[in-house]
Structures are given as C-alpha cells and as structure tokens.
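To keep things clear, I will list the structure first and then write my remarks on it.
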Amino acid sequence: MHPSPPLIETRLAGRLPDRHGKVRDLYDAGDDLLLVATDRISAFDYVLGSGIPDKGRVLTQLSAFWFGRTADIVANHLLTTDVARYPAPFRDERRALDGRSMLVRKTAPLAIECVARGYLSGSGWKDYCASGMVCGHRLPAGLRESEQLPSPIFTPATKATSGHDENITEQAAAALVGEALLERVKALTLALYERGAAHAASCGIVLADTKFEFGLTPAGDLLLIDEAMTPDSSRYWPRDGYAPGGPQPSFDKQFVRDYLETIRWNKQPPVPALPDDVVLRTRAKYLEAFERLTGRELA
Ligand SMILES: Nc1ncnc2c1ncn2[C@@H]1O[C@H](COP(=O)(O)OP(=O)(O)O)[C@@H](O)[C@H]1O
Ligand SMILES: [Mg+2]
C-alpha cells in the first residue's frame, strides 16, 4: 500500500499554530491545548527536508498507549484523542486531526528534561568516556558502549531553546525546579522507565533510555506532559542482535542516520531531503515499533 503524503504543517480552520516545536504544532484551545503531531522528522537537532508519512500518528497513538499504562504512577495531561469531543473549531477538522492529535491540559512545563537511562549510550556514553561520570553519577570503570548499567539512573538535562540539551547534575536541576519537586520527578522518571522497559522487554525490545517532561497546572498539580516513550523521545533497540561494545542500530532512525553519513552532511543548514526508499523504510520501522509495543495496528 502506498502511504498518503506526509503532513508537514498544519492549518486548522484557517488558523496557523500558536506555537510549534520541531515535530508538534500547538493550538490554544481555551484553557486546554491541542497538540498535533506532524510527520516532520529531526536528526541532529534539525528538522529534515522530508517528512515520514504516518509518523505523527505513531507518536500520538504510542503516547496515548503509554499514558494509559502509566496513569497509576503519575497523572498525565491527556484529556481525549476523540476529535468529536474537541472544542470548536477543532472538532470540525476530523480529517486533519484524527489519529494524530490530542487535547491536553495546559501546564507550565518544568525547566528540565527528565531522562532515565538503563544503558550507556549517546551523551551518557560521551560523558562517561570523558569523566567516568554521568550527571554526577560515578559509574563502575570498564563499562562498554551500550552496556546495561548496574541500575537505571536519572540524568536530567536543560531544555535548550536551540541546539543540544545539556546534561546537568541533580544539584543543578534542583536549582532550576526546587529540591522537593526534583525528588518527585526523579522518582517518577525512574518508575516510568522501569514500567516501560519491562513491557518493551516482553516485546523483544530494549528501552535503553527515555526522556519525560512534566508540567504544573494552575492549581499546582504535577502532570506528565508532552509525549511518552515514543521512538523520538527514547532509544529503542531490537533485543535480537544487541551487542554491547559499540553503538546499536537505532530501531527507527537508522536508515536516516546511515543516509546522512553517506552524503556526509555537515549537520548544518541547509538540511537535506531524504530519498523515497529511506522515507519508506523509516516509515516501516516506526510502524513496526508501534505494532510490536502495542500488539495492534495503527488506527
Ligand atoms: N501539557 C502541556 N502544556 C504545555 N506545554 C506542553 C504540554 N505538552 C507538551 N508541551 C510542549 O509542547 C512542545 C511539543 O512540541 P515538540 O515538537 O515535541 O517540541 P521540541 O522541538 O521542543 O521537542 C514542547 O515544547 C513541550 O514542552
Ligand atoms: Mg519534543
């Protein structure tokens, strides 16, 4: 089956998004917020010149899956994914919104990214090579790249407005959000990671690490916000072929990374577009991740 063209930008009821991130378009909906996941894909902090059809649907529906499976750990921002229950004018935009949007509670996002790592990879591996530490955690000597850690660690990061998020110590994170709140989000982050990693393991998938965001409602309630344990916010590796001692093939973006290597992109604008076969193979990986983790087909 040939996929429909990717959704790159939204315009709902003649209106442009009030804000957008690299992947999501955000619309104010009274006291709530409408999050629309487009098919944009980013690599090395840049949005690439091609979208991946249905990627936004995967991110939305996988987040909804995890919100449902973790609500006993922490309350989250999801109100509904049923377009018929959205406020006007959004409920009349079923074609654009079905399956790729959620109405959520608007919060003030905390100023840190909450990362849990069960394996040594990415910036964690880089920091470990340089100092033997990750975000102030002293780790055993002699660990290999992609090796499982003795136990999962909480590794907060700043939210960079442009470019790379920067790993910080728990002390530095506490200075940003307060000590009591940091203790809460740390415990929640590790509990959410443990839940996700156990489920992924039962599907033959390693959840190496994942990033959460939390926000405060006007009443002061702490909610899990943004997306939850999607391929964009997580490192998922197939358990088959997992071999510490080097980087692991990424579940979803490996074809993109390989292609960007072959064209020797210097990771600066202008951003490259992707050939059709890279787009289609990447789309298939996103769908495969969704199907394996949820046990069902994308709606
Ligand atoms: N419930 C919420 N309240 C306020 N902001 C939110 C909420 N959920 C998500 N966000 C924000 O919406 C944006 C999502 O867009 P995204 O494309 O993921 O951005 P980014 O490029 O920063 O990753 C993020 O800035 C995130 O902090
Ligand atoms: Mg994001």
With label points built 7 Å along Cα→Cβ from the Cα atoms of residue 165 and residue 266, find their separation and express it in nm.
2.9
Sketch the reach of a paramagnetic label on residue 44 as a point 7 Å from Cα along Cα-to-Cβ, and name the residues of the range 226-258 whose backbone nitrogen lies under 19 Å away.
247-258
Residue separation between residue 22 and residue 84 times 0.36 nm, minus their alpha-carbon distance, gives in nm 19.6 nm
From the square roots a ≥ b ≥ c of the eigenvalues of the alpha-carbon gyration tensor of the chain, which class results: rounded (a/c under 1.5), prolate (a/b over b/c), or oblate?
oblate
Give, in nm to one decimal, the length gained when the segment between residue 176 and residue 191 is fully stretched (0.36 nm per residue of separation minus the Cα-Cα distance).
3.2 nm
For the range 196-264, just say rounded, prolate or oblate: build the C-alpha gyration tensor, square-root its eigenvalues into a ≥ b ≥ c, call rounded for a/c under 1.5, and beyond that prolate if a/b exceeds b/c, oblate if not.
oblate
Quick one: which of 87-99, 183-195 comes out on top by average Cβ neighbours within 10 Å, and what's the full order, highest first?
183-195, 87-99
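Quickly rank 163-170, 253-260 as a protection proxy: mean count of other C-beta atoms within 10 Å, highest first.
Most protected by this proxy first, the peptides run 253-260, 163-170.
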Order by neighbour count: 85, 100, fewest other Cβ atoms within 10 Å first, most last.
85, 100
Quick check: pseudo-label points 7 Å beyond the Cα along Cα→Cβ at residue 95 and residue 257, how many nm apart are they?
3.9
Gyration tensor (alpha-carbon) shape descriptor, the range 110-238, a/c threshold 1.5
oblate
Based on the mean of other Cβ atoms within 10 Å per residue, sort peptides 136-146, 277-287 so the most packed one is first.
277-287, 136-146
Given an 8 Å cut-off on Cα distances and at least 6 residues of separation, report the relative contact order of the chain as a percent.
20
Lys pairs in the chain with Cα under 14 Å (8 or more apart in sequence, or on separate chains) total 7
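No value in this document is a laboratory result; all are computed from the given coordinates. Bear in mind the structure is a predicted one, so any value in this text is a computation, not a measurement. Please note: Cβ atoms are built from the backbone with ideal geometry, for glycine as well, and neighbour counts cover all protein chains shown.
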